[in-house]
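Following: one structure in structure tokens, then a few remarks.
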Amino acid sequence: MIHIRSLRSSAAHIVGGMAVAAMLSACTEPSGNDAQMAFDTYAVGRCFALEGSAKVFQQDSDLTYADSVSLILPLRLQNCNVQPLRDTITSYALGVTGKPILPSINEYIERSAQQVGFKTKPVNSRAAAIMAPSFDIVSGFVAYMSPEVLVYCVRTESQRAGAAHGMTVRRYINYLLRGQGKVLTLTSLFTPEGLKQLPDRIAEQALSLSDIIGPTSVDGLPANDNFYLSSEGEIVFSYQPYEIASYAQGTIDIPFYPYELSDLMTPEAIDIFNLADLEN
């Protein structure tokens, strides 16, 4: 069974108001296995004034909107081809693949600013960014890692002035560190028939955990087939707020040990999780 060691639980928020663009090497290459892994860190933060918002919200001055993106991207992972992983990360975080990272981040921020609902004007003020009542924060980071698997998280946090609350969405990418490497998906782990039965299994598991997670209403797989492999060796199906429960319940994670779902799995998954003995 795969066991995964936690590397970090969250990424630092970057809400600097100035137009900051940085590309930093995120790791050194001393020797041994460490020399086989390298990451780049991209961080951009900008702040905008929302023209006309003072009148709408009955304030003395226009409100501000802050937008930031910080991504830790794999540059090298042993002998694996990291491009499919990088493409999946940028697709989740920025909505693009195969394009230069820094221009794509800047384009994403510009698009986001245009969707706030006001005309925007750049503001070069860190204080205005920190106090901004409207913001979008995108962060991408390694959540867990073992010798065989890297689990990546893309987290998006958003808030709008006047809204009852903000929203945080987490999407996971599970990357197999074998051979040339591979992004694992539900279709690679479960047979077509297994995928049909999976929602019922998840609903039963959620019911058994109701004392912990509260009432839920599971009628399908998580949006975007969202799942991750945990440090306890579990397959965790992750539902966003509102998806199967109230907002107050937050993100709902439904865990299984792989052997509990072995009858729904593909031969590839049986091999990945070392479950062949259960099949005999």
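Any read-out appearing in this document is the output of simple, stated calculations on the displayed coordinates, not a laboratory observation. Predicted, not measured: the structure shown is a model, and the values here were computed from it. Ideal geometry is used to build each Cβ from the backbone, glycine not excepted, and the neighbour counts take in all protein chains shown.
Taking the number of Cβ atoms within 10 Å of each Cβ as an exposure proxy, the fewest-first ranking of Ser231, Ser246 is Ser246, Ser231.
Assign one of three labels to the stretch 116-249, namely rounded, prolate or oblate, based on the Cα gyration tensor with a ≥ b ≥ c the square roots of its eigenvalues; rounded applies when a/c is under 1.5, prolate when it is not and a/b is larger than b/c, and oblate otherwise. Note, shape of the stretch 116-249 comes out oblate.
With Cα atoms as the point set, the radius of gyration and Dmax of the stretch 186-279 evaluate to 13.3, 42 Å. For the pair the stretch 50-106 and the stretch 165-207, the centres of their Cα atoms are 24 angstrom apart. According to the Kirkwood relation over distinct C-alpha pairs, the hydrodynamic radius of the chain is 20.5 Å. Could you grab the relative contact order for the chain? Cα pairs under 8 Å, six or more apart, rounded to a whole percent. Reported relative contact order: 18 percent. Overall size of the stretch 42-193 from C-alpha positions, given as principal axis extents largest first: 60, 34, 22 Å. How about Lys196: which lysines have a C-alpha closer than 29 Å to its C-alpha, ignoring those fewer than 8 places off in the same chain? Counting by Cα, and skipping residues close in sequence, Lys196 has these lysines nearby: Lys182. Working from label points 7 Å from Cα in the Cα-to-Cβ sense, the Glu260 to Gln83 distance is 3.9 nm. The ranking of Val169, Val183, Val154 by Cβ neighbour count inside 10 Å, starting from the fewest, reads Val183, Val169, Val154. Helices in the chain, meaning DSSP H runs of at least 4 residues, each add -39500 (n - 2.57). Divided by all residues, the mean residue ellipticity at 222 nm is -6500 deg cm²/dmol. Of all lysines in the structure, the ones whose alpha carbon falls short of 30 Å from that of Lys121, not counting any fewer than 8 places away in one chain, are Lys55, Lys99.
Remark: Phe57, Phe273 ranked as Phe57, Phe273, counting other beta-carbon atoms within 10 Å and listing the fewest first.
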